[in-house]
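Notes to accompany the following structure.
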Amino acid sequence: MTETPSPHVIDADTLSGGLKPIRQVILSLGSNLGDREANLQGAVDALRDTPDVVVVDVSPVYETVPVGAPDESGPFLNIVLLADTTVSVETLLDRAHAVEQAFGRERSVPGAPRTLDVDLITYGNKAIQTDELTVPHPRAHERAFVLAPWLDIEPEAVLPGVGRVDDLLAQVGTEGVKRVDDLVIELQ
């Protein structure tokens, strides 16, 4: 993942005339409550409507067994988005949380079932550690529900500071992760 010019994002700051860095980002989305497919499609549409965020590609849909969740949790539908952006990581995180909230996400018990989960996996090749955010996502390398769909849209992907996504997925395995080709989340 590099920080290179993108045909999808305007990199000029309209107030100062200066250039803003364009970063490629990976977002992981999941839902295991309500109309899971509609939740994912709505989240993609909302993220697509975010100024200075251009969703470039969306992975196939995967149905996955919940990881670290209470016993009553049903299976997740998961996808990964590849986007280009000039917004700050804080702004992107705020937008991800706003989209979750718009779809009824309640933050209660960790791992509890949820209508929508939007995780920022990478932000260019930056390593970021704050009280609110760690990027790259600290557990992405051990989550097949992130790695498998990511590999579908970016076969040469590298998780910054960790390694190639295909190697990481081979280490983790794909048990409990199944591609569902009859469900399609679209870039409209």
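The values are calculated or read from the model by the stated rules, or taken from the named source; none is laboratory data. For clarity, every value in this text was computed on a predicted model and none was experimentally measured. Glycine also receives a Cβ, built like all others from the backbone with ideal geometry; neighbour counts cover every protein chain displayed. The protein model used for the area step is the full one, side chains on, heavy atoms only, and it has no ligands, DNA or RNA in it. Shrake-Rupley method; radii C 1.70, N 1.55, O 1.52, S 1.80 Å.
In this structure, is Thr130 under 21 Å from Arg23 (Cβ atoms) and of a type in the set (S, T, N, Q)?
Spelling it out, Thr130 is indeed under 21 Å from Arg23 (Cβ atoms) and of a type in the set (S, T, N, Q).
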* Under the condition of being β-branched (Val, Ile, Thr) and out of contact with any strand residue (DSSP E or B) (no Cβ under 6 Å at 6 or more places or on another chain), which residue from the stretch 166-188 is nearest to Leu81 (Cα to Cα)? -> Val184
* To do: Report yes if some residue within the stretch 54-70 is in a loop (DSSP other than H, G, I, E, B), at pLDDT below 95, more than 17 Å from Ala140 (Cα to Cα) and not β-branched (Val, Ile, Thr); otherwise report no.
  => yes
* **Residue list for the stretch 165-181, filter: open to solvent by 70 Å² or more (accessible area, probe 1.4 Å) and under 16 Å from Thr64 (Cβ atoms)** => Thr174, Glu175, Lys178, Arg179, Asp181
* Just checking, which of Ile128, Ile121 is farther than 15 Å from Val61 by Cβ, touching a strand residue (DSSP E or B) at 6+ places or on another chain (Cβ under 7 Å), modelled with pLDDT under 95 and of a type in the set (Val, Ile, Thr)? -> Ile128
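Filter the stretch 67-86 for residues that are surrounded by fewer than 20 Cβ atoms within 10 Å (Cβ to Cβ) and either without any contact (Cβ under 8 Å) to a residue 40 or more places away in the chain or not β-branched (Val, Ile, Thr) (or both) and give the result.
Within the stretch 67-86, Gly68, Ala69, Pro70, Asp71, Glu72, Ser73, Gly74, Pro75 qualify.
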* Residue among Thr134, Thr130 that is surrounded by fewer than 18 Cβ atoms within 10 Å (Cβ to Cβ) and within 15 Å of the chain's Cα centre (by Cα) -> Thr134
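Kindly establish whether Ser28 is hydroxyl-bearing (Ser, Thr, Tyr), closer than 18 Å to Ala112 by Cβ, in contact (Cβ under 8 Å) with a residue 24 or more places away in the chain and open to solvent by less than 30 Å² (accessible area, probe 1.4 Å).
Taking the combined requirement at face value, the residue satisfies it.
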* Output the number of the condition that Asp45 fails; it satisfies all remaining conditions of (1) charged (D, E, K, R); (2) outside any strand (DSSP E or B); (3) open to solvent by 50 Å² or more (accessible area, probe 1.4 Å). => (3)
* To do: Assess whether Thr91 counts as being open to solvent by less than 60 Å² (accessible area, probe 1.4 Å) and either aromatic (Phe, Trp, Tyr) or at negative phi (or both).
  => no
* Among the residues of the stretch 139-150, is any touching a residue at least 12 places away in the same chain (Cβ under 8 Å), open to solvent by 60 Å² or more (accessible area, probe 1.4 Å) and in contact with a Gly (Cβ under 8 Å, 6 or more places away or on another chain)? -> yes
* Asked: Do the conditions hold for Asn39, that is, is it surrounded by 22 or more Cβ atoms within 10 Å (Cβ to Cβ) and modelled with pLDDT under 95?
  -> no
